[in-house]
Amino acid sequence: MKSHRKNPSNGLSRRRFIQTSTLATGAVVFGVPTLLRAANLNSKLNIASVGVMGKGESDTNHCSDENIVALCDVDAERSMKQRDKYPKAKFYQDYRKMFDEMGKSIDAVTVSTPDHMHAIVASLAMSMKKHVYCQKPLVQTIYEARYLRDLAHKSGVVTQMGNQGSAADGLRRAVECVQAGIIGQVSQVHIWTNRPVWPQGMDRPEGSDPVPGTLDWDLWIGAAQMRPYKAGKEKGGRGVYEPFNWRGWQDFGTGALGDMACHTVNMPFRALNLGYPTEIEGTPLGGMNKETYALGSKIRFEFPMRTAQVPAAHKSLFHRHDTLLHSPATFTWYDGGQPDASAPNGHDFSNKPPKELLADIEALQGEVPNSACLLIGEKGTIFSPDDYGEQFFIKLKDDPKYVHYKKHPAVAPIPESIPRNPFKGDSDHRHHLEWIDAIKRGKPEMCYSRFAIGAQLTEIMLLGCVSLRVGKKIEWDGPNMRAINCPEAAPYIKRENRAGWKLT
């Protein structure tokens, strides 16, 4: 193929989407404000956790070497496990009261609420100069993604989105291999998942049930429009919406795409410097309504030719970045399957790429996994069988089968250009420790999934949700955040929050 990298003297497009996608390589950001509440490297941070069960439990626990000074959760009973574990932490149900009373003594905040409250809580924390670790997807709407990205830049706080695969050496190595041109120009990306594993494809239930005495339903609803509480079918089990099934509801979650794409699309997003797509078309399986996402969906994203700066393969004093050229690429997302009332999740897991693309994968693993990522280039393919891109296999044109990247001879000569996460433990723990270390050093750029990057990845994925909700193909003007052919998409790009709830 023609040179994948160009001499930096050839220049770089200044368009906003190029500037943003460049950040996905992990390059250092200059000019970020330096008004950081950074602590001494040997001192401990005072951390507050908003949403402390579910993913919030591990988010809090991964920060437990610091001072956990406050716990906030709308369900006073469900949060008792964490309250017992951190008896010195003050407990709140309302995060606003927590900030009012303890704001001066809080250095950093983890946000692990349902999707519809991520931006509301995070923006308040950032406006108060608190460093923020926020779960994926970073936000629920495209407008919120832009808002938090810009707020992070203006405030100078240290941020990290909770897609923990970003901490893995394997993911960073995959980015280096693709950007070195190991499989040539990539024209197709296929990603599929076993989600949803929660109820979808149904309408809102009628009636209402008594709200449990320990749950503040008004706070749980938050920025969404108020609706009655509904208990689950099983006595003492999950409710219709909380604490987990909110993911499938359009008012609270982002469906399978929002839940998993910030993990599974993370590697190709970074490797291919995906900026703004120009066209997005979602096809639901089993039909869409106005309440929940469908039991399955196939979504096509078209990306134009792109130019971006990446860390130089061979650095010198005066040469820190290479200019990378990417050909147009089609990314196709697959989730769920055809409706199947007999299946536990209501679908048959059949929604995957065409069989002719999967033969070599089936030969490698004996079956086609229910979740995976496949990059198709002019010189070969890369296959990752896990949700986080931590492991990947390469098959070049002359290779008889896939070979693990650590054993493929074409990988060894490729230099390491992306800094590795230096911490020990699993990826989730290391991802939190990277954030904490960046706070103490006063260096937001150390976070590999800082909001400048996480917001761009989330925004791309949310465009798929918008296409599904409007029921038509979207022609996207990324810099102006506008669906050119689809004005009816506006309410899904920027949500109308309930009175009293707004971005700060």
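The values are calculated or read from the model by the stated rules, or taken from the named source; none is laboratory data. Quick caveat, the model's predicted, so the values are computed rather than measured. Because the Cβ atoms are built from the backbone with ideal geometry, glycine has one as well, and the counts that use them run over all protein chains shown. For the accessible areas, the whole protein counts, side chains as well, though only heavy atoms, and no ligand, DNA or RNA atoms are used. Shrake-Rupley method; radii C 1.70, N 1.55, O 1.52, S 1.80 Å.
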**OP:** Kindly list the number of the only condition in (1) within 22 Å of Leu374 (Cα to Cα); (2) in a loop (DSSP other than H, G, I, E, B); (3) not hydroxyl-bearing (Ser, Thr, Tyr) that fails for Leu324.
**Re:** (2)
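Take the residues in segment 77-102 that are of a type in the set (A, V, I, L, M, F, W, C) and open to solvent by less than 20 Å² (accessible area, probe 1.4 Å); name whichever of them is nearest to Thr504 (Cα to Cα). Spell out how you get there, then give the answer.
Taking segment 77-102 and keeping what is of a type in the set (A, V, I, L, M, F, W, C), we get 80, 89, 91, 98-99, 102.
Checking which are open to solvent by less than 20 Å² (accessible area, probe 1.4 Å) leaves us with 89, 98-99.
Values: Ala89: 25, Met98: 16, Phe99: 13 Å.
That would be Phe99.
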**OP:** Out of His326, His347, report the one residue that is buried (at least 18 other Cβ atoms within 10 Å of the Cβ) and at pLDDT 95 or above.
**Re:** His326
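Name the single residue, out of those in segment 441-452 being open to solvent by 30 Å² or more (accessible area, probe 1.4 Å) and not aliphatic (A, V, I, L, M), that is nearest to Gly389 (Cα to Cα).
Checking each candidate, the answer is Glu445.
Return yes or no: is Lys407 touching a strand residue (DSSP E or B) at 6+ places or on another chain (Cβ under 6 Å), open to solvent by 40 Å² or more (accessible area, probe 1.4 Å) and more than 30 Å from Asp107 (Cβ to Cβ)?
No, not satisfied.
Listed here are the residues, each with its yes/no results for (1) polar (S, T, N, Q); (2) in contact (Cβ under 8 Å) with a residue 60 or more places away in the chain; (3) assigned to a strand (DSSP E or B).
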| residue | (1), (2), (3) |
| --- | --- |
| Cys373 | no, yes, yes |
| Lys406 | no, no, no |
| Pro419 | no, yes, no |
| Asp428 | no, yes, no |
| Ser467 | yes, yes, no |
Original post:
Which of (1) more than 18 Å from the chain's Cα centre (by Cα); (2) surrounded by 24 or more Cβ atoms within 10 Å (Cβ to Cβ); (3) farther than 29 Å from Pro304 by Cβ is the odd one out, the single condition Val158 does not satisfy?
Top reply: (1)
Original post:
Is it the case that segment 49-64 has a residue that's part of a strand (DSSP E or B), within 25 Å of Ser449 (Cα to Cα) and not hydroxyl-bearing (Ser, Thr, Tyr)?
Top reply: yes
Original post:
Before we move on, is Gly377 closer than 25 Å to His326 by Cβ, modelled with pLDDT under 95 and either loosely packed, with under 15 Cβ neighbours inside 10 Å or in contact with a Gly (Cβ under 6 Å, 6 or more places away or on another chain) (or both)?
Top reply: no
Subject >> Complete set of residues in segment 38-73 that are on the phi > 0 side of the Ramachandran plot and buried (at least 20 other Cβ atoms within 10 Å of the Cβ) >> reply: Gly51
